[in-house]
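> Dumping the structure here so I can ask a few things about it.
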Amino acid sequence: MSIHPSSPTKINKAPVAINLDCQRSLSITIHWIVSRRAIASISPTLVPQGTSQMLRLEYRINSNQAASWVLIDPKSKSEHIIERPASPATITQSKKMTHIESPELRASIENEPAELIYVRTTIFQDLNIPGGRYHPSGVAVSVS
């Protein structure tokens, strides 16, 4: 019993139960199109096998694994993983948005359908890729 006069003496509400789905795995891929020539000029060993003039640079993150950067030749489907120091990434989700924060990438994605609202990354500067600003070409989100 409380000594405050407006305090209820008995609460008749049932407790709130929150069910957490711990089995869900979230995968996010953000991608850009970059010139094979620009990549080859800084490091020929980064370029995947293939003949495409434009390559796809992907940032891949799973909720239960470390993030990775991958260069892909769209014609041959050949991939080259870019070796980077492990950097912790945090994925935060709400009903309408998903946010990614790491030292090398920050992104906000609108859920259902997935639409990239904001992204900023240091990968182009870190790899010395010339050309200034690169606009992302898309995002893919899957839940399993």
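Readers should treat all values here as calculations from the given coordinates under stated rules, not as data from a laboratory. All of these numbers come straight from a predicted model, not from anything done at the bench. Neighbour counts are summed over all protein chains in view; Cβ atoms, including those assigned to glycine, are modelled from backbone coordinates with ideal geometry.
> Residues in region 56-73, backbone N under 12 Å from the label point at Ala114 (7 Å along the Cα-to-beta-carbon vector): list them, ranges by number please.
59-63
> What FRET efficiency would be calculated for the residue pair Ser25, Arg133, taking the C-beta separation as r and a Förster radius of 22 Å, to the nearest 0.05? Intermediate results must be reported in sequence, preceding the final value.
On the way: r = 33 Å, r/R0 = 1.48.
After rounding, the FRET efficiency stands at 0.10.
> If you line up the Cα atoms of region 26-143 on their principal axes, what length do they span on each, largest first, in Å?
Taking the Cα atoms of region 26-143, the three principal extents are 42, 27, 27 Å.
> Over region 31-95, what relative contact order in percent results from Cα pairs under 8 Å that are six or more residues apart? Present the calculation step by step, with values, prior to reporting the outcome.
Numbers: 108 pairs, mean separation 18.1, N = 65.
Here the relative contact order equals 28 percent.
> What residue among Ala89, Ile72, Val119 has its Cα farthest toward the positive end of the dipole of region 29-144, where the charges are +1 on Lys, Arg and -1 on Asp, Glu, each on the Cβ?
After comparing all options, I get Ile72.
> Within the set of other residues whose C-beta is less than 12 Å from the C-beta of Ser52, count the net charge using Lys and Arg as +1 and Asp and Glu as -1. Intermediate results must be reported in sequence, preceding the final value.
Working: positive: Arg36, Arg37, Arg56, Lys75, Lys77; negative: Asp73.
Taking every Cβ under 12 Å from that of Ser52, the sum is +4.
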